[in-house]
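Engineer: Pasting a structure here, questions to come.
The values are calculated or read from the model by the stated rules, or taken from the named source; none is laboratory data. Given the structure is predicted, the values throughout are model-derived calculations rather than measurements. Cβ coordinates were reconstructed from backbone atoms using ideal geometry, including for glycine residues, and neighbour counts include every protein chain displayed. Calculation scope for accessible area: heavy atoms of the full protein, side chains included, ligands and nucleic acids excluded. Shrake-Rupley method; radii C 1.70, N 1.55, O 1.52, S 1.80 Å.
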Amino acid sequence: MNIDHPLRRVGPDQLADAVAARRDAGIASWVALGRDLADPILCAEVDQAGADLVSSLVSGGTLLVVGNGGSAAIASHVAAEFIGKCIHDRDPLPAISLAESLSSITAVGNDYGYEHVFTRGLAALGRPGDVLLAMTTSGTSPNVVAALDLAREREIRTIAMTGSRGTMLRGRADHVLVVPSDETPRIQEVHMLWAHAWCEAIDVLSSLDAHVAHR
């Protein structure tokens with residue numbers, strides 16, 4: 001089927017120029033972000049959130065992850081890394097993306113409203129001592145905010161990841177990790193970076209433990 005899309009009128013040189021411009025803009029953003037992400041206060045916040053996550057997992061807790069759109073894809077990715085592995089083989093760890101089930105999300109959204117698509121799953125699966133990892137680049141997603149509020153009521157530890165516009169989440173979660181950027185793609189990339197750092201650390205520490213046990 002032929003579609004009269006504006007891209008059909010774009011020449012190869014225009015495409016190459018546009019890709020190069022956006023690639024260079026992304027690299028420039030990451031050069032600046034690299035400096036900002038090394039801020040000692042921010043690094044300490046990320047490390048403490050990771051320590052709380054590990055503490056929950058070793059105590060039998062489960063990681064529950066939520067997010068919308070691109071953050072929903074990251075939620076699935078993060079859960080998969082904990083169940084599987086990131087860089088080293090280890091025993092699986094319990095993690096669930098509450099954004100994973102299309103049937104559940106559409107059923108809850110239709111019957112109760114979209115703002116409840118995560119609270120229903122959290123109420124069904126979350127237990128005291130678990131950890132909710134909530135990602136919202138804006139910090140204002142109603143369904144993510146509702147999940148954070150319910151988690152606090154249920155004594156579930158909370159980690160909120162957001163961007164520079166999401167500082168209103170401070171005080172609404174145990175850990176609020178703010179990416180110093182207002183560019184959605186860069187914010188989501190940093191969220192993945194932080195989650196990977198936690199999972200990679202778990203993989204390394206698990207491998208060290210296995211090595212010691214077999215000496």
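Engineer: Yes or no: the range 60-70 includes at least one residue that is within 23 Å of G139 (Cα to Cα) and in a helix (DSSP H, G or I).
Structural biologist: Yes: the range 60-70 contains one or more residues that are within 23 Å of G139 (Cα to Cα) and in a helix (DSSP H, G or I).
Engineer: Would you say L148 is in a helix (DSSP H, G or I) and touching a Lys or Arg at 6+ places or on another chain (Cβ under 7 Å)?
Structural biologist: So L148 fits the description; yes.
Engineer: Quickly run through the range 47-63 and pick out the residues that are of a type in the set (A, V, I, L, M) and either in contact with a His (Cβ under 7 Å, 6 or more places away or on another chain) or open to solvent by less than 60 Å² (accessible area, probe 1.4 Å) (or both).
Structural biologist: A49, A51, L53, V54, L57, L63
Engineer: Looking only at the range 82-106, filter to residues that are touching a strand residue (DSSP E or B) at 6+ places or on another chain (Cβ under 8 Å) and assigned to a helix (DSSP H, G or I); which one of those is farthest from V144 (Cα to Cα)?
Structural biologist: Across the range 82-106, the extreme among qualifying residues is I83.
Engineer: Given (1) at pLDDT 95 or above; (2) surrounded by fewer than 23 Cβ atoms within 10 Å (Cβ to Cβ), identify the lone condition not met by T137.
Structural biologist: The one condition T137 does not meet is (2).
Engineer: Let me ask something else about it. Taking the range 7-23 as the search range and keeping residues that are part of a helix (DSSP H, G or I) and open to solvent by less than 80 Å² (accessible area, probe 1.4 Å), which one is farthest from P185 (Cα to Cα)?
Structural biologist: If we take residues in the range 7-23 being part of a helix (DSSP H, G or I) and open to solvent by less than 80 Å² (accessible area, probe 1.4 Å), then A16 is farthest from P185 (Cα to Cα).
Engineer: With the requirement that a residue be of a type in the set (D, E, K, R) and either on the phi < 0 side of the Ramachandran plot or touching a residue at least 40 places away in the same chain (Cβ under 8 Å) (or both), what does the range 143-159 give you?
Structural biologist: Correct list: D149, R152, E153, R154, R157.
Engineer: So which residues in the range 1-35 are more than 19 Å from the chain's Cα centre (by Cα) and closer than 30 Å to D174 by Cβ?
Structural biologist: Listed by number, the residues that qualify are S29, A32, R35.
Engineer: Return yes when S56 is free of Cβ contacts under 8 Å to residues at least 40 places away in the same chain, of a type outside the set (D, E) and part of a helix (DSSP H, G or I) and no when it is not.
Structural biologist: no
Engineer: Quick check on A124: is it over 13 Å from V66 (Cβ atoms) and without any contact (Cβ under 8 Å) to a residue 40 or more places away in the chain?
Structural biologist: So A124 passes the test.
Engineer: Now for a different question. Which of the residues spanning the range 142-153 are touching an Asp or Glu at 6+ places or on another chain (Cβ under 9 Å) and either under 19 Å from G113 (Cβ atoms) or buried (at least 16 other Cβ atoms within 10 Å of the Cβ) (or both)?
Structural biologist: P142, N143, V145, A146, A151
Engineer: Let me ask something else about it. Please give the number of the condition R127 fails out of (1) of a type outside the set (A, V, I, L, M, F, W, C); (2) within 17 Å of the chain's Cα centre (by Cα); (3) under 23 Å from F82 (Cβ atoms).
Structural biologist: For R127, the failing item is (2).
Engineer: Inspect the range 81-88 for any residue being small (G, A, S) and either open to solvent by 30 Å² or more (accessible area, probe 1.4 Å) or free of Cβ contacts under 8 Å to residues at least 40 places away in the same chain (or both) and give the result as yes or no.
Structural biologist: yes
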